[in-house]
């Protein structure tokens with residue numbers, strides 16, 4: 001900070017007194033105060049409230065409020081007050097922020113003066129909705145939006161009646177937005193006017209969303225839903241507020257090249273306005289037109305090119321204002337969904353909104369890098385709404401609706417903007433992750449929705465495409481990328497692929513797709529890659545954990561439920577991988593603790609796969625199964641022994657015992673049991689002794705409870 005800034009803080013009380021005495025100095029004094037509270041300090045910023053003093057701050061605040069209430073006050077003065085107010089509540093002046101918002105003295109904890117926030121809200125109530133756009137109205141709504149987004153608004157009591165009036169006024173402003181002329185040719189003044197109109201609507205939506213979220217159903221929630229959900233078409237509003245129109249692709253794509261051709265020693269990027277500076281919509285919004293004029297005004301070609309810069313600035317003004325609306329409306333949907341978890345009307349209204357987000361993305365795509373963020377926001381809003389529906393599954397929504405949404409989600413996943421195979425292989429694009437999660441939820445909703453009138457043929461077409469692209473080809477691309485760059489987010493991708501495979505196979509009609517899917521699996525070569533990843537999983541650790549060892553087996557377990565794929569697995573050497581890989585050797589030594597990853601790999605992967613292969617292929621794989629059991633004889637014996645006097649009991653250890661017993665029963669039920677009875681006898685347990693041990697545990701529930709140990713958060717919830 002400069003010496004001048006320090007001196008201004010020291011003279012702040014005198015400046016406040018000058019403000020009180022001379023109305024002509026109102027605008028410059030508030031401008032000075034705004035400058036010093038917006039400044040950057042290496043350590044803690046000085047407290048303007050402390051320098052003003054208790055009496056000085058209260059007098060200054062009361063006159064700020066009077067200036068805002070005075071219709072004869074200059075527009076420049078009121079504009080600067082709004083800017084100063086916003087800088088304080090958005091900065092590090094906590095004491096002064098509390099005083100401005102609540103009128104409460106931070107030392108006495110008592111209300112000493114008027115609340116400037118209340119005054120600003122009263123000014124909003126006085127706005128003419130038909131002529132709402134002006135610099136003052138923009139800064140007024142912007143300042144109130146910052147205030148409602150501040151933690152200090154919880155200090156002191158709020159006037160609920162005023163708040164309801166404010167929300168009603170803001171909803172009227174939101175409903176009054178008409179962007180029907182966005183596709184028409186507009187003058188510079190019209191573009192600027194519409195940009196600020198969008199900004200006001202965005203800030204109004206933000207205030208509503210914040211109040212809904214902060215107050216919950218005890219606040220303005222019912223007022224908002226009655227006006228936005230019950231009495232209007234929420235879907236149409238979402239279609240209007242989530243779309244961005246008017247981006248001039250040709251203008252922006254050629255601007256930099258044309259500039260470089262005319263002035264090869266310069267770069268237009270040097271003239272981009274700093275993000276640290278307050279930018280105003282207009283002819284100098286993104287590119288500093290004044291600086292460009294100073295540098296190139298002597299060049300005869302500048303006059304023609306100057307208009308292109310002006311057009312670009314105006315276009316970016318309008319685009320950025322629409323981006324603000326999209327973000328605000330997304331916040332509104334998020335707030336409503338978070339609060340109205342059991343509101344059936346709201347949930348019914350949210351279902352088409354999830355589809356709207358996807359259809360807009362499908363229609364408009366990503367025409368420029370600056371719109372990628374908005375594309376991702378729509379995907380996240382779609383996922384949020386679908387997740388809320390998944391949690392409640394309202395009866396008013398039928399499976400056909402979910403199927404339509406699934407179609408658009410799948411269309412996006414195949415689109416050039418997503419580039420699924422390239423993205424999952426390691427590109428920087430991450431939009432596909434939201435789509436995978438959306439598809440998982442929709443497949444589940446379609447399956448579980450009652451009274452479903454699902455269009456089975458079209459659904460199976462979508463499922464078939466998902467299985468081919470996501471499971472067969474996506475898993476191959478993912479595993480190849482894991483070898484190149486092993487990152488933690490790859491684990492999430494693999495979990496998503498496994499979940500999608502499981503959900504697809506759970507649809508009863510999907511059995512008709514098995515033959516084609518089996519062929520796709522064979523052509524992709526993903527089985528060999530998965531088996532290879534399992535074998536090398538001990539060398540590809542995630543935070544020291546053999547995560548891929550378990551995930552690969554879970555993936556193979558789902559695939560083995562298809563007989564033709566199970567045959568491919570056996571031919572491809574799955575039993576060899578289960579017996580000879582380094583990670584298998586670690587399990588074969590026996591006595592694995594039931595809380596380790598290795599135990600999960602054995603009980604959730606290896607044993608279920610062996611049982612599934614027996615179920616699918618029967619006695620054809622019996623020799624391989626017996627060989628597998630021989631390799632794991634030490635672990636089988638330690639499993640039975642551990643139940644005679646267990647130290648701890650986990651769900652994993654229960655699964656191991658159950659699966660091992662089932663495995664023995666299947667072997668002993670074979671026609672040629674005599675040929676391997678000797679082998680079975682070498683591993684067979686004392687049934688009576690084991691039964692007595694388990695009966696003892698069941699007869700002493702407290703003792704049993706003392707032995708139970710949760711290994712995951714889900715298991716902990718079950719125990720509680």
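Summary table below
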{"quantity": "Residue match in the stretch 334-342 (condition: surrounded by fewer than 20 Cβ atoms within 10 Å (Cβ to Cβ) and part of a loop (DSSP other than H, G, I, E, B))", "calculated": "yes"}
{"quantity": "Residues satisfying the stated conditions in the stretch 208-219, i.e. surrounded by 15 or more Cβ atoms within 10 Å (Cβ to Cβ) and closer than 15 Å to residue 333 by Cα", "calculated": "208, 209, 210, 211, 212, 213, 214"}
{"quantity": "Per-region count, the stretch 579-623, residues at positive phi and touching a helix residue (DSSP H, G or I) at 6+ places or on another chain (Cβ under 6 Å)", "calculated": "2"}
{"quantity": "Sole residue being over 21 Å from residue 606 (Cα atoms), touching a helix residue (DSSP H, G or I) at 6+ places or on another chain (Cβ under 8 Å), at pLDDT 85 or above and surrounded by 12 or more Cβ atoms within 10 Å (Cβ to Cβ), chosen from 697, 644, 690, 663", "calculated": "697"}
{"quantity": "Index of the failed condition, residue 36 passing every other in (1) within 15 Å of residue 4 (Cβ to Cβ); (2) at pLDDT 90 or above; (3) not in a helix (DSSP H, G or I)", "calculated": "(3)"}
{"quantity": "Which numbered condition residue 295 misses (of (1) assigned to a helix (DSSP H, G or I); (2) crowded, with 20+ Cβ neighbours inside 10 Å; (3) out of contact with any strand residue (DSSP E or B) (no Cβ under 7 Å at 6 or more places or on another chain))", "calculated": "(2)"}
{"quantity": "Residue in the stretch 153-163 that is buried (at least 16 other Cβ atoms within 10 Å of the Cβ) and modelled with pLDDT of 85 or more present", "calculated": "yes"}
{"quantity": "All helices (runs of 4 or more DSSP H) inside the stretch 362-429 with 1 or more residues being closer than 20 Å to residue 244 by Cα and modelled with pLDDT of 95 or more", "calculated": "372-392, 399-413"}
{"quantity": "Hits in the stretch 612-625 - residues which are within 17 Å of residue 573 (Cα to Cα) and either surrounded by 15 or more Cβ atoms within 10 Å (Cβ to Cβ) or within 43 Å of the chain's Cα centre (by Cα) (or both)", "calculated": "612, 613, 614, 616, 617, 621, 622, 624, 625"}
{"quantity": "Candidates 464, 499, 475, 481, filtered to the one that is modelled with pLDDT under 95 and either in contact with a helix residue (DSSP H, G or I) (Cβ under 7 Å, 6 or more places away or on another chain) or in a helix (DSSP H, G or I) (or both)", "calculated": "481"}
{"quantity": "Boolean, residue 116 is at pLDDT below 95 and buried (at least 18 other Cβ atoms within 10 Å of the Cβ)", "calculated": "yes"}
{"quantity": "Residue 345 being assigned to a helix (DSSP H, G or I), surrounded by fewer than 22 Cβ atoms within 10 Å (Cβ to Cβ) and modelled with pLDDT under 95", "calculated": "yes"}
{"quantity": "Residue, nearest to the chain's Cα centre (by Cα), within the stretch 569-611, restricted to residues that are crowded, with 19+ Cβ neighbours inside 10 Å and over 19 Å from residue 548 (Cβ atoms)", "calculated": "594"}
{"quantity": "The stretch 360-380, residues that are within 30 Å of residue 457 (Cβ to Cβ) and in contact with a helix residue (DSSP H, G or I) (Cβ under 7 Å, 6 or more places away or on another chain)", "calculated": "360, 361, 362, 378, 379"}
{"quantity": "Lone qualifier among 98, 29, 36 - being closer than 27 Å to residue 141 by Cβ and touching a residue at least 40 places away in the same chain (Cβ under 8 Å)", "calculated": "98"}
{"quantity": "Residue match in the stretch 632-655 (condition: part of a helix (DSSP H, G or I) and more than 27 Å from residue 693 (Cβ to Cβ))", "calculated": "no"}
{"quantity": "Criterion (buried (at least 21 other Cβ atoms within 10 Å of the Cβ), modelled with pLDDT under 95 and under 26 Å from residue 124 (Cβ atoms)) met by exactly one of 52, 72, 61", "calculated": "61"}
{"quantity": "Qualifying residues in the stretch 583-614 (those that are free of Cβ contacts under 8 Å to residues at least 60 places away in the same chain and assigned to a loop (DSSP other than H, G, I, E, B)) - the one farthest from residue 716 (Cα to Cα)", "calculated": "589"}
{"quantity": "Considering residues of the stretch 233-273 that are assigned to a loop (DSSP other than H, G, I, E, B) and closer than 25 Å to residue 376 by Cα only, the residue nearest to the chain's Cα centre (by Cα)", "calculated": "242"}
{"quantity": "Check on residue 314, modelled with pLDDT under 95, crowded, with 22+ Cβ neighbours inside 10 Å and not assigned by TED's automatic domain parsing to the domain that holds residue 211", "calculated": "no"}
{"quantity": "Number of positions in the stretch 170-181 that are surrounded by fewer than 17 Cβ atoms within 10 Å (Cβ to Cβ) and at pLDDT 70 or above", "calculated": "4"}
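Every residue, every condition in (1) in the same structural domain as residue 596 (by TED's automatic domain parsing); (2) at pLDDT below 95; (3) assigned to a loop (DSSP other than H, G, I, E, B), yes or no:
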| residue | (1), (2), (3) |
| --- | --- |
| 528 | no, no, no |
| 533 | no, no, no |
| 538 | no, yes, no |
| 550 | no, no, no |
| 555 | no, no, no |
| 558 | no, no, no |
| 561 | no, no, yes |
| 564 | no, no, no |
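Let's see how each residue does on (1) touching a residue at least 60 places away in the same chain (Cβ under 8 Å); (2) crowded, with 17+ Cβ neighbours inside 10 Å; (3) closer than 16 Å to residue 350 by Cβ:
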| site | (1), (2), (3) |
| --- | --- |
| 378 | yes, yes, yes |
| 384 | no, yes, yes |
| 389 | no, yes, yes |
| 398 | no, no, yes |
| 405 | no, yes, yes |
| 418 | no, yes, no |
| 436 | yes, yes, no |
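The values are calculated or read from the model by the stated rules, or taken from the named source; none is laboratory data. Predicted model, so just to flag it, every value in this text is computed and none were measured. All Cβ positions, glycine included, derive from the backbone under ideal geometry; neighbour counts span all protein chains shown.
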